[in-house]
Amino acid sequence: MTSVLYDVPGPRAKRRNVLFTVVFLVALAALVWWVVRSLADKKQLEWTKWEPFFTDSRAWTTYILPGLENTLIGAALAMVIALPLGALFGIARLSDHWWVRGVAGTVVEFFRAIPVLILMLFANAAYAEFTDVSPENRPLYAVVTGLVLYNASVLAEVVRAGILSLPAGQTDASKAIGMRKGQMMRYVLLPQSVTAMLPALVSQLVVIVKDTALGGALLGFAELLASVRPMSANYGANTIASFTVVAVIFVLLNFALTTFASWLEGRLRRGKKSTGAVVGADAVAELATPGEHVAPHGRDTPRS
């Protein structure tokens with residue numbers, strides 16, 4: 001017996017799959033036991049290591065919350081700048097003019113090929129050499145600059161792929177009613193491609209949130225992950241506990257972002273089904289070419 005996608009396993013295959021599952025679970029349980037045992041031997045599971053996060057508010061107000069605030073500020077600034085910049089370059093790569101496509105393609109491919117950490121380091125050195133940005137603000141500027149340059153290039157490809165994924169009939173229909181290239185992109189292609197692009201956009205936004213930690217590792221940016229070192233030093237080398245709490249916060253933050261995106265995607269899909277996205281006669285008349293007027297019943301009447 002077969003399915004559309006795969007052959008249904010027979011009795012021997014089923015027994016083999018059960019055996020593999022049991023072996024994997026046993027190996028996973030052994031790995032978990034070894035990790036817990038190693039942490040216990042190094043006294044990393046003692047209550048004194050975890051107690052500050054439940055009994056001492058200074059662990060949050062002095063270390064975690066200020067680091068979380070800087071992470072959110074850096075990520076939010078990078079998102080706000082990278083999204084429109086990526087959309088601009090993505091649309092430019094679809095331009096009818098070869099020189100626009102060439103410039104946009106060169107910029108996108110260049111910054112997409114460079115690791116984001118190197119971009120941050122170059123930005124930090126450039127701000128130190130050519131600007132009067134204070135040393136206190138320089139890490140934030142460098143982190144945001146590196147995140148924007150890299151992620152805008154990636155988002156440009158996401159936007160381009162989303163527009164190209166639409167059926168060719170959308171472009172043909174837009175041209176048939178007299179839309180210019182800018183009108184077609186603004187009113188037809190971009191709105192429809194948003195739903196298709198949303199999962200990839202959200203995954204890249206999650207990457208932005210996590211990549212702020214690179215600035216804390218090498219540039220002294222006081223973000224969430226960078227709070228682990230002073231916090232661990234202050235509370236008796238509770239490194240594992242500090243990393244665990246910070247990891248949970250990152251998971252919750254990114255989970256909230258993906259949950260919101262899923263809700264937004266569902267609402268957009270329901271909105272398309274309910275509205276039908278019909279262009280009325282008045283809208284068609286406004287989008288007609290300057291030399292002609294489209295009558296409500298489709299007859300062309302010259303302008304007076």
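Figures for the structure shown
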{"read-out": "First in the stretch 102-120 and free of Cβ contacts under 8 Å to residues at least 24 places away in the same chain, second anywhere and crowded, with 16+ Cβ neighbours inside 10 Å, Cβ under 6 Å, 6 or more apart", "value": "Gly105/Arg93"}
{"read-out": "Which numbered condition Val143 misses (of (1) touching a Ser or Thr at 6+ places or on another chain (Cβ under 9 Å); (2) part of a loop (DSSP other than H, G, I, E, B); (3) under 19 Å from Ile81 (Cβ atoms))", "value": "(2)"}
{"read-out": "Number of the exception - Gly182 against (1) open to solvent by 20 Å² or more (accessible area, probe 1.4 Å); (2) over 28 Å from Phe111 (Cβ atoms); (3) not β-branched (Val, Ile, Thr)", "value": "(2)"}
{"read-out": "Any hit, the stretch 128-136, residues being aromatic (Phe, Trp, Tyr), under 24 Å from the mean Cα position of the chain (by Cα) and under 26 Å from Asn70 (Cα atoms)", "value": "no"}
{"read-out": "Conditions (1) assigned to a helix (DSSP H, G or I); (2) at pLDDT 90 or above; (3) under 21 Å from Tyr150 (Cα atoms); (4) open to solvent by less than 20 Å² (accessible area, probe 1.4 Å): number failed by Asp211", "value": "(4)"}
{"read-out": "Any hit, the stretch 216-233, residues being open to solvent by 50 Å² or more (accessible area, probe 1.4 Å), in the same structural domain as Ala78 (by TED's automatic domain parsing) and in contact with a Pro (Cβ under 6 Å, 6 or more places away or on another chain)", "value": "yes"}
{"read-out": "Gly236, sole failed condition from (1) open to solvent by 60 Å² or more (accessible area, probe 1.4 Å); (2) at positive phi", "value": "(1)"}
{"read-out": "Residue check, Leu253 in contact with an Asp or Glu (Cβ under 8 Å, 6 or more places away or on another chain) and in a helix (DSSP H, G or I)", "value": "no"}
{"read-out": "Test: residue in the stretch 33-40 that is under 18 Å from Pro139 (Cα atoms) and of a type in the set (Phe, Trp, Tyr)", "value": "no"}
{"read-out": "Members of the stretch 185-205 that are open to solvent by less than 20 Å² (accessible area, probe 1.4 Å) and closer than 30 Å to Ser227 by Cβ", "value": "Val202"}
{"read-out": "Residues (in contact (Cβ under 8 Å) with a residue 40 or more places away in the chain and assigned to a helix (DSSP H, G or I)) located in the stretch 170-189", "value": "Lys181, Gln183, Met185, Tyr187"}
{"read-out": "Residue ranges of helices (runs of 4 or more DSSP H) in the stretch 27-127 with at least 3 members surrounded by 11 or more Cβ atoms within 10 Å (Cβ to Cβ) and among the β-branched types (Val, Ile, Thr)", "value": "65-92, 98-113"}
{"read-out": "Residue satisfying condition, being under 21 Å from Arg269 (Cβ atoms), open to solvent by less than 40 Å² (accessible area, probe 1.4 Å) and assigned by TED's automatic domain parsing to the domain that holds Arg267, within set Gly162, Gly146", "value": "Gly162"}
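The values are calculated or read from the model by the stated rules, or taken from the named source; none is laboratory data. These numbers come from a predicted model, not from an experiment. Note that we place each Cβ from the backbone using ideal geometry, even for glycine, and neighbour counts take in every protein chain shown. Ligands, DNA and RNA are stripped out before the accessible areas are found, and what is left, the full protein with its side chains, is counted by its heavy atoms. Shrake-Rupley method; radii C 1.70, N 1.55, O 1.52, S 1.80 Å.
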